[in-house]
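The values are calculated or read from the model by the stated rules, or taken from the named source; none is laboratory data. Everything numeric in this text was worked out from a predicted model, so none of it was measured. For neighbour counting, all protein chains shown are included, and Cβ atoms are generated from backbone atoms with ideal geometry for every residue, glycine included. For the accessible areas, the whole protein counts, side chains as well, though only heavy atoms, and no ligand, DNA or RNA atoms are used. Shrake-Rupley method; radii C 1.70, N 1.55, O 1.52, S 1.80 Å.
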Amino acid sequence: MNRNNCINCLYILLATVALATASCSKVEPTGVLIGHTSVDDRVKQSVTYQKDWERDNNNDIDVASPGYTFIVGSDSHLRNDQTRLRELFDEAVAKEDLLVAHCGDLAETQPEYYQITEDMVDDYRERYKGDEEDIGKYKFRFYPVVGNHDVTRNGWALFTKIFGSSTYSFDVVYHEGESDEVRDAFLFLDSANGTFGEYQIDLIDLGLLLDFFSYRNIFVFTHTNFFRPRKNAFSSVLPREELYFIFKKFHDWGVRCVFCGHIHAWDERDYAGVHYITLDAMSLEERPDYGDVIRCKVAADGNVTYEHVHLK
């Protein structure tokens, strides 16, 4: 390599580092923004929070029908403009979706952006708070996981102030008569650092994150994508050893669908009997034409289909 080529490569390297560090406080060379907290610490905190919360609360969702819908978005990167996230919530309310799931990078990690997010979530929860005596009355439910942008610049403290946990699960339960029931499991996993971490892997391996009833469907939500939509995509996926382990576990569990985001590009594929969906970004800045989210329909017989919903 001649001197000019060396200088050009050096300029490119310096420009890449400068661009990355201008927008985030810490960057992994493979392209994942990583936070100041470890995934093990976050998962331990999340598990403790869930145990304490579940002592006085029923974490499951009882439904009046075995068929229902839920809507999933990702990478909203909320700043001062809350249009897209509000439109996602309004879409869920209009169609009375059972819940809204979000696959991470909810907001940029500034206190004022999280204050906007908290106020908006509280507003919808207060306006549509359902009725414990009437499970058919609409209730707004929002379930996010952390993304890499959510945990930079001390973002984990902001996230937990609102949501408490990022590793958790619950069941959607339909009671058939006095003794029979139908259960679908919803599992949310922390992959914001581009890894599930040793502690969370142990929980998955030991089966401690699900109750393992006879589930009709299992749905999994996390941030980091499992597959690259493009070979030259500038973003990491999970470590190879974790991928092999997770692929086998999800197959053995009979997972129906896995939802993730992170890479800001749509992708879907089947692997080992499991359907993997990577959602595009719904951020107004990233996608000014429209934000792409999906609505999943769980039929009364358990069959699952989905449709794209474009946020303006």
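Spin-label model, Arg240/Gln115: points 7 Å from Cα along the beta carbon direction are separated by 4.8 nm. Projecting the Cα atoms of Val237, His223, Leu85 onto the charge dipole of the chain, computed from C-beta unit charges around the Cα centre, puts Val237 farthest toward the positive end.
State the extension gain, in nm to one decimal, for the chain segment bounded by Asn80 and Asp202, taking 0.36 nm per residue of separation less the distance between their alpha-carbons. Let's see the in-between values first.
Details: separation 122, 0.36 × 122 = 43.92 nm, distance 3.88 nm.
Roughly 40.0 nm would be gained on extension.
Close amide H contacts of Leu78 (hydrogens built in the peptide plane, cut-off under 5 Å, sequence separation of 5 or more or a different chain): Ala107, Glu108. The local environment of Arg256, defined by Cβ-Cβ distances under 9 Å, has a net charge of 0 under the rule Lys, Arg +1 and Asp, Glu -1. Mean separation of Cα pairs under 8 Å and 6 or more residues apart, divided by the residue count, gives the chain a relative contact order of 21 percent. Under the simplified labelling scheme, the Lys51-Glu176 pair shows an inter-label distance of 3.5 nm, with each label point 7 Å from Cα along Cα→Cβ.
Sort the following peptides by mean Cβ neighbour count (other Cβ atoms within 10 Å, averaged over residues), highest first: 70-77, 98-105, 286-293. Please report the intermediate quantities before stating the final value.
Working: 70-77: 26.9, 98-105: 25.2, 286-293: 16.4.
Ranked from most to least packed, the peptides come out as 70-77, 98-105, 286-293.
So what is the 222 nm mean residue ellipticity for the chain from helices alone, if each DSSP H run of at least 4 adds -39500 (n - 2.57) and you divide by all residues, rounding to the nearest 500 deg cm²/dmol?
Using -39500 (n - 2.57) per qualifying helix, the result is -10500 deg cm²/dmol.
Taking a Cβ cut-off of under 15 Å around Tyr276, the surrounding Lys, Arg, Asp and Glu residues balance to a net charge of 0, with basic ones at +1 and acidic ones at -1.
Here's how it looks for Glu286: its modeled amide H is under 5 Å from none belonging to a residue 5 or more places away or on a different chain.
What FRET efficiency comes out for Asp90 versus Ser65 if R0 is 30 angstrom and r is the Cβ-Cβ distance? Round to the nearest 0.05. The partial results should precede the final answer.
On the way: r = 23 Å, r/R0 = 0.76.
The pair Asp90/Ser65 has a calculated efficiency of 0.85.
Only the Cβ atoms of Lys and Arg (+1) and of Asp and Glu (-1) were treated as charged; on that basis the dipole of the chain about its Cα centre amounts to roughly 1380 debye.
Rounded if a/c is under 1.5, else prolate if a/b is larger than b/c, else oblate: which is segment 110-153, with a ≥ b ≥ c the root eigenvalues of its Cα gyration tensor? Judged from the Cα gyration tensor, segment 110-153 comes out oblate (a/c at least 1.5, b/c at or above a/b).
Across segment 83-210, C-alpha contacts under 8 Å between residues 6 or more apart give a mean separation that, scaled by the residue count, equals a relative contact order of 22 percent. Straight-line reach only, C-alpha to C-alpha below 12 angstrom: list the aspartates and glutamates that Lys248 could link to, leaving out same-chain residues fewer than 8 apart. Hits, sequence-local ones excluded: Asp205. If you count Lys pairs in segment 90-238 whose Cα atoms are under 15 Å apart, skipping same-chain pairs closer than 8 places in sequence, the total is 4. Inter-label distance, Asp289 to Ile135: 4.3 nm, where each label sits 7 Å from its Cα along the C-beta direction. Oblate is the label for segment 95-231. Its Cα gyration tensor axes, ordered a ≥ b ≥ c, give a/c of at least 1.5 and b/c at or above a/b.
Take each uninterrupted DSSP H stretch in the chain, measure its Cα extent along the helix axis, and return the ones at 27 Å or beyond whose mean Kyte-Doolittle hydropathy is at least -0.5.
Details: long enough: 3-23 (31 Å, 1.05).
For the chain, where a helix must reach 27 Å along its axis and average at least -0.5, the hits are 3-23.
Surface composition of segment 206-277: carbon plus sulfur atoms hold 53% of the accessible area, using a 1.4 angstrom probe and ignoring ligands, DNA and RNA. Look at where the Cα atoms of segment 207-266 and of segment 92-161 average out, and the two centres are 22 Å apart.
Relative protection proxy for 109-119, 218-228, from highest mean packing down: 218-228, 109-119 (other beta-carbon atoms within 10 angstrom). Solvent exposure of Glu87, expressed as accessible area, is near 50 Å², computed with a probe of 1.4 Å over the protein chains only.
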